[in-house]
Amino acid sequence: MTLASLLRLFFLAAIWGASFLFMRMAANSLGPAVLIEFRVGFAAVTLFIVALYLKRRLAFIQHKKHFFIIGAFNSALPFLFFAYAAQTISASTLSILNSTTPIWGVVVGILWTKTKPTKSMVLGLLLGLIGVAILVGQNHFVLNSQSILAIVAALSASLCYAIASHYTKNAPKLAPFDNAHGSMWASSFMVLPLILFMPIREIPSTNVMLGVLVLGVVCTALAYILFFKLIDDIGPTSALTVTFLIPLFGIFWGHLILDEQIGPNTLLGALFVIIGTMLVTGFLPRKKALS
């Protein structure tokens, strides 16, 4: 990995770690549907402007079924789930729960392709579950039905990402930029009707709207472009290491901006989740000995 790719990796982790901060700031005032409609709408418009600059034509009608499937599982549903969870639990906890995506990917793969899990995968799944259990018992919020639903929603978002990743393996082979561009428009169309059922709760402040703008333009549209550049440079497997870094930045931003306390439960839970994810994805050198 070159120095430029390493810097892109850390920059991407910082951006995606900050996305949970912005959702936490805006979720209660805007509500999940309005927040995510702004997010995917800003991202779609940004990618449209980039497409005009690059003179890339999007064949949306031709691939509309594909864009709606990938838009649902890679953007609309997980974003909505995280926005719902952000009303209750901290940005740092959201970023840690997001890092369970590769673990869910293995679970979906086992069910989807009937792949037999290795010992390292099983151990990683168990460590990931322990990490989530530690987070559930943390003292950042009062454990009640609402917080449990929020945690389930965040884990469901990660599951959606895992489903999307498996779907794309057999999906129409389009350029990564076109997948991002088309899926954001599809997500915008899907989320828009939900505003009728989950309307805005209060007029947001200027800071909240600026945060939502950054969430859409930087943390979604530009982050996708950066991620696809990483995939081109170092391959999808190495690019996956960004998953391990996101919780570190999520915890950092939450503490720095929202004054979220970093307790032993947060650090211990994050450690279990990250090590479990590394085992599941094969990023630990002990994988060969355990498999």
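The fraction of Cα-Cα pairs per 5 angstrom bin, counted from 0 for segment 1-57, comes to 4, 16, 14, 16, 18, 17, 10, 3, 1 percent, rounded to whole percents. For a distance above 29 Å, tell me the whole-number percent of Cα pairs in segment 1-147 that qualify. Tail of the P(r) past 29 Å holds 33 percent of the pairs.
Of interest is the spacing of the C-alpha centroids, which for segment 46-61 and segment 114-128 amounts to 41 Å.
In this rough spin-label picture, where each label sits 7 Å from Cα along the Cβ direction, the Arg57-Ala133 distance is 5.7 nm.
Under 11 Å from a point placed 7 Å out from the Cα of Leu258 along the Cα-to-Cβ direction: which residues of segment 1-24 have their backbone N that close? 18-24, by backbone N distance to the label point. Candidate membrane-span-like segments in the chain, meaning DSSP H helices with Cα atoms spread over at least 30 Å of their own axis and a Kyte-Doolittle mean of -1.0 or above, are 3-30, 32-54, 145-169, with no membrane implied. For the listed residue pairs Lys169/Lys229; Lys65/Lys116; Lys119/Lys173, the alpha carbons are over 28 angstrom apart in Lys65/Lys116; Lys119/Lys173. Over segment 205-275, the Kirkwood radius and the radius of gyration, each from Cα atoms, give a ratio Rg/Rh of 1.06. The ellipsoid that matches the Cα gyration tensor of the chain has semi-axes, each √(5λ) in whole angstrom, of 27, 25, 18, with the longest given first.
Every number in this text was worked out from the coordinates using simple rules, so none of it is lab data. Model, not experiment: these values are computed from the prediction. No Cβ is skipped: glycine too gets one built from the backbone with ideal geometry, and neighbour counts run over all protein chains shown.
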